[in-house]
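Data block below; observations after.
The values are calculated or read from the model by the stated rules, or taken from the named source; none is laboratory data. What you are looking at is a predicted structure, and each value in this text was computed from that prediction instead of being measured. Cβ atoms come from the backbone with ideal geometry, glycine included; neighbour counts cover every protein chain shown.
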Amino acid sequence: MRLLSLAFIALALAGCANSPRQVSQADGTTLAFAPGERQRSEPGPQVAMLRPDQPAIPSGLAGRTIRVASPADIRLGPKEVVLTFDDGPVPGKTDAILKALDRFGVKATFLMVGQMADAYPATARKVAAAGHTIGTHTQNHRNLRSVGPAVAEAQIRAGRESVAAALRPGGYRPAPFFRFPYLADTKALRSSLAGQGIVVIDVDIDSRDYFATGSDVLRARAVASVEKRGSGVILFHDLHARTATMLPLLLADLKARGYKVVHLVPASSGIDLLASAPWAPLPPSGMTPPDRG
Ligand SMILES: [Zn+2]
């Protein structure tokens, strides 16, 4: 049942920022995934200029650190980017991403799904131990526009609690950072989050790594998107192998083009959100494998 649940999660998480396609299942539940997400077996040219076992590259890629108390604090200059990874942690893929980031000496923000942190707490702690910032992304990756406010608030809070519980044995806690699944926000939820001291991390550049292209295509598209905008917060997902595969090459591209990777950290770690925010318990169905969103 647990494995089945995780399979459902993996399917439902595909295509975080994309409009989900709803698919009714024989058992009456509904799964959502992005168009184009299904893997194709098309061979792509292999790009392997860097190998995982190569030593760390002395990097000029690391940029400044911004202390963030509200979304307005995320002001990036030309050629400054922020790397964000949603939907994990996923053993193997998240590990490979950590390795790539470490080789270039840069820090990212991971927006973790509570249910994934419940399943893989050691991987969540590994991200924290490597010095990256961890925010949250609901408990079950629900589309918060499609549920009522009580369920939405419960999803946000349960996600925070799960990620906090995964990190706690390592002495870590999540930053008060949040990203809406599918980027499906509402004005009321944004206002509620701001009132709780939680910062919504928006997306400027979508790598579209949820499309089943080769890692070389993904890399070229991501570089083109970054160059087109010139700076911004980039969305990736640490549940796709192609993302992990292309990341060292993309970081080399960004370095060669003079970009800097900015690290977002919370302005204050003193707010105990778990103790202070209002709590609405999830209905029992909310804790089962996701049926939408
Ligand atoms: Zn997502």
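So the values come out like this:
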item	result
Residue in the stretch 140-155 that is of a type outside the set (Phe, Trp, Tyr) and within 12 Å of the chain's Cα centre (by Cα) present	yes
Cβ-Cβ under 6 Å pairs, at least 6 apart or on other chains, the stretch 131-144 side basic (Lys, Arg), far side surrounded by 24 or more Cβ atoms within 10 Å (Cβ to Cβ) and not in a loop (DSSP other than H, G, I, E, B)	Arg142/Gln155
Exclusive hit being without any contact (Cβ under 8 Å) to a residue 60 or more places away in the chain and in contact with a Ser or Thr (Cβ under 9 Å, 6 or more places away or on another chain), set Pro149, Pro169, Pro174	Pro149
Matching residues in the stretch 165-179 - criterion: being in contact with a helix residue (DSSP H, G or I) (Cβ under 6 Å, 6 or more places away or on another chain) and among the small types (Gly, Ala, Ser)	Ala166, Gly170
Flag if Gly88 is among the small types (Gly, Ala, Ser), within 16 Å of the ligand (Cβ to nearest atom) and either surrounded by fewer than 24 Cβ atoms within 10 Å (Cβ to Cβ) or more than 18 Å from Ala267 (Cα to Cα) (or both)	yes
Residue satisfying all of: in the stretch 206-224; farther than 21 Å from His263 by Cβ and small (Gly, Ala, Ser); surrounded by the most Cβ atoms within 10 Å (Cβ to Cβ) among these	Ser215
Residue list for the stretch 198-224, restricted to those being at pLDDT 95 or above and of a type outside the set (A, V, I, L, M, F, W, C)	Asp202, Asp204
Among the residues listed as Thr138, Thr123, the single one being among the hydroxyl-bearing types (Ser, Thr, Tyr) and closer than 26 Å to Arg190 by Cβ	Thr138
Some residue of the stretch 159-166 being over 14 Å from Asp118 (Cα atoms) and either of a type outside the set (S, T, N, Q) or within 16 Å of the ligand (Cβ to nearest atom) (or both)	no
Residue within the stretch 135-146 that is touching a Pro at 6+ places or on another chain (Cβ under 8 Å) and closer than 30 Å to Gly258 by Cβ present	yes
